[in-house]
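Single-structure report; data block below.
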Amino acid sequence: MVHTCVVVGCRNRRTPGTTLSFYRFPRDPERKQRWIAAINREGWLPNDGSRLCSTHFISGKQVKNPRSPDYVPSVFSAVSLSQETKQTSAFECPDKQQAQVEAATALLYLQGQVVDPELDLDQDQDKAETMSSLSSSSSERPGDSRAHSSSDVDASDAVNYEEELRALKKENQALRESMEKMSLTEVSLRNDPAKVRFYTGLPNYFVFETVMWLLSPHMKGEKSVKLSKFQQLLLTLMRLRLDLKNQDLAYRFGVKVSTVTKTVHSVVNIMSTTLVPTTVFWPSREELRKNLPSAFRSSYPDCAVIMDCFRVALEKTDWPDANIHHCGTNTLKYLVGVAPQGVVTFVSKGSPGHVSDKDLAEGCGFLNKLLVGDVVLADRRFDVSESVVARGACLKITGIGEGEREVPEEDPLADASLERMWVRRHVERVISTVKQRYAILTGPVESPFTAVDLTANMTTFDKIVQVVCALNNLCISAAPLE
């Protein structure tokens with residue numbers, strides 16, 4: 001059966017002896033639609049007999065790799081040419097411009113593909129050589145319907161293109177070698193604890209594997225997912241640990257920025273529902289007393305928690321609730337509860353920066369955790385003694401708050417002892433450790449993270465704060481038990 005290319009103006013036909021290939025339209029609906037859009041025939045749809053010839057692909061054939069420029073046809077001139085017919089000089093200038101566009105596209109493609117570990121450098125070289133031949137519009141490929149005499153193209157342009165391609169291949173090779181040296185594979189992490197700590201904030205690969213084991217049943221691992229479960233977790237931890245931007249991570253993992261965004265949100269959601277409940281929880285009184293550090297035993301044997309707040313700046317002022325910005329504040333405030341052992345046992349949702357510590361403590365659910373006889377340590381900013389006493393607990397002041405003046409000695413709530421000042425520094429050290437271990441808490445908070453998840457009634461950044469506190473609890477306590 002004789003097939004004719006469906007591209008308007010292309011007169012290539014499948015005849016005996018032809019070197020061209022003729023392709024059916026893909027079965028995949030998305031790819032098929034992209035082919036139809038590329039052909040650009042208004043109101044036209046292909047049928048079972050529709051074919052597209054190989055001259056409309058940069059390399060002369062279709063490629064099934066979605067990362068390849070030949071995944072979709074892209075070579076179209078104002079009037080497609082037949083392999084048997086040479087056009088007059090009227091087409092020489094447009095054809096030369098088209099070849100230059102194709103060569104430029106190849107340059108961009110080669111530059112972008114260097115981060116993809118799945119592609120071999122030899123393929124890049126083949127494509128570069130193909131682009132070089134296109135840019136010079138030579139007739140080296142038999143049966144190419146775009147073939148012209150080499151004298152039709154300026155020789156200096158061809159030389160320039162070839163030099164650019166050679167230089168680019170050298171740069172790509174050097175970049176690929178440097179990326180191989182810093183390869184983040186399961187084997188490399190398992191054998192290098194320092195690399196685990198640097199990229200994930202976790203103390204060793206065993207803890208990383210434990211987190212992986214906990215999350216794995218809830219993560220997507222189908223062939224349609226471009227990243228393995230290991231890569232999904234590693235990418236997310238690098239986002240939290242180093243506060244790398246999505247574009248940076250996209251280059252490192254060889255994926256689109258949208259894939260990075262979806263992965264981070266997905267893994268954070270999974271950790272919020274699986275990891276956080278198992279590591280951030282209010283311990284029983286028996287466990288608290290059994291592991292109470294010696295510094296607390298003499299002064300605060302019934303201490304259940306030390307509470308404090310920290311702030312994170314917002315990226316910009318367009319918070320979903322316009323009332324959040326009061327008196328020019330542009331921050332989020334979080335209340336955390338820290339056990340005497342140095343682990344985080346409570347994390348509130350984010351509140352506008354202008355909310356007082358007292359209002360935040362009374363409205364975030366923290367006080368509902370207290371039991372009769374518990375001792376809560378805090379500084380003077382938390383004027384919640386009445387609310388604490390109403391639950392049968394006791395509030396003790398450990399020092400002065402930020403921006404407060406020295407407390408008079410006759411104040412019955414004040415105690416300037418070194419032990420109480422040490423307690424104050426203890427909780428500050430815990431918060432400081434969490435921020436140093438996961439740089440995303442240093443801000444500013446990017447606006448996409450402020451979107452509210454209606455199901456959980458909290459923002460993505462609220463989940464991130466809980467997750468990094470959970471991860472920090474997996475690490476060594478900020479203060480020794482003895």
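The values are calculated or read from the model by the stated rules, or taken from the named source; none is laboratory data. Note that the coordinates shown come from a computational prediction; the quantities given were computed from them, not determined experimentally. As a convention, Cβ positions derive from the backbone with ideal geometry for all residues, glycine included, and neighbour counts pool all protein chains shown. Accessible surface is based on the protein model in full, side chains and every heavy atom, while ligands, DNA and RNA are left aside. Shrake-Rupley method; radii C 1.70, N 1.55, O 1.52, S 1.80 Å.
Numbers for the structure displayed
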item	result
Qualifying residues in the stretch 182-196 (those that are over 11 Å from Leu237 (Cβ atoms) and modelled with pLDDT of 75 or more) - the one least open to solvent (accessible area, probe 1.4 Å)	Lys195
Test result for Gly328, part of a loop (DSSP other than H, G, I, E, B), at pLDDT below 90, loosely packed, with under 13 Cβ neighbours inside 10 Å and not acidic (Asp, Glu)	yes
Residues that are among the aliphatic types (A, V, I, L, M), assigned to a loop (DSSP other than H, G, I, E, B) and more than 18 Å from Ser68 (Cα to Cα), drawn from the stretch 238-260	Leu244
Set Glu419, Glu386: member being surrounded by fewer than 18 Cβ atoms within 10 Å (Cβ to Cβ), at pLDDT 65 or above and part of a helix (DSSP H, G or I)	Glu386
Matching residues in the stretch 425-455 - criterion: being open to solvent by 40 Å² or more (accessible area, probe 1.4 Å), among the hydrophobic types (A, V, I, L, M, F, W, C) and in contact (Cβ under 8 Å) with a residue 12 or more places away in the chain	Ala451, Val452
Members of the stretch 392-416 that are exposed (fewer than 15 other Cβ atoms within 10 Å of the Cβ) and either modelled with pLDDT of 60 or more or touching a Gly at 6+ places or on another chain (Cβ under 6 Å) (or both)	Gly392
Selection count where residues are among the basic types (Lys, Arg), more than 16 Å from Phe76 (Cβ to Cβ) and open to solvent by 30 Å² or more (accessible area, probe 1.4 Å), scope the stretch 7-60	5
Residue count, the stretch 356-377 (criterion: in contact with a helix residue (DSSP H, G or I) (Cβ under 8 Å, 6 or more places away or on another chain) and crowded, with 16+ Cβ neighbours inside 10 Å)	7
Residues of the stretch 247-266 satisfying the condition of being over 22 Å from Ala470 (Cα atoms) and open to solvent by 50 Å² or more (accessible area, probe 1.4 Å)	Gln247, Asp248, Tyr251, Arg252, Lys256, Val257, Ser258
Residue identified as open to solvent by 20 Å² or more (accessible area, probe 1.4 Å), under 33 Å from the mean Cα position of the chain (by Cα) and under 19 Å from Val434 (Cα atoms) among Lys333, Lys349	Lys349
Residue count, the stretch 36-72 (criterion: under 21 Å from Val2 (Cβ atoms) and not in a loop (DSSP other than H, G, I, E, B))	7
Filter pass, Ala304 being modelled with pLDDT under 85, more than 20 Å from the chain's Cα centre (by Cα) and open to solvent by less than 50 Å² (accessible area, probe 1.4 Å)	no
Residue selected from the stretch 209-246 under the condition more than 12 Å from the chain's Cα centre (by Cα) and open to solvent by less than 10 Å² (accessible area, probe 1.4 Å), by the criterion farthest from Thr460 (Cα to Cα)	Val211
Cross-chain or 6+ apart pairs with Cβ under 9 Å, the stretch 267-294 first and farther than 28 Å from Pro217 by Cβ and open to solvent by 30 Å² or more (accessible area, probe 1.4 Å), then of a type in the set (S, T, N, Q) and part of a helix (DSSP H, G or I)	none
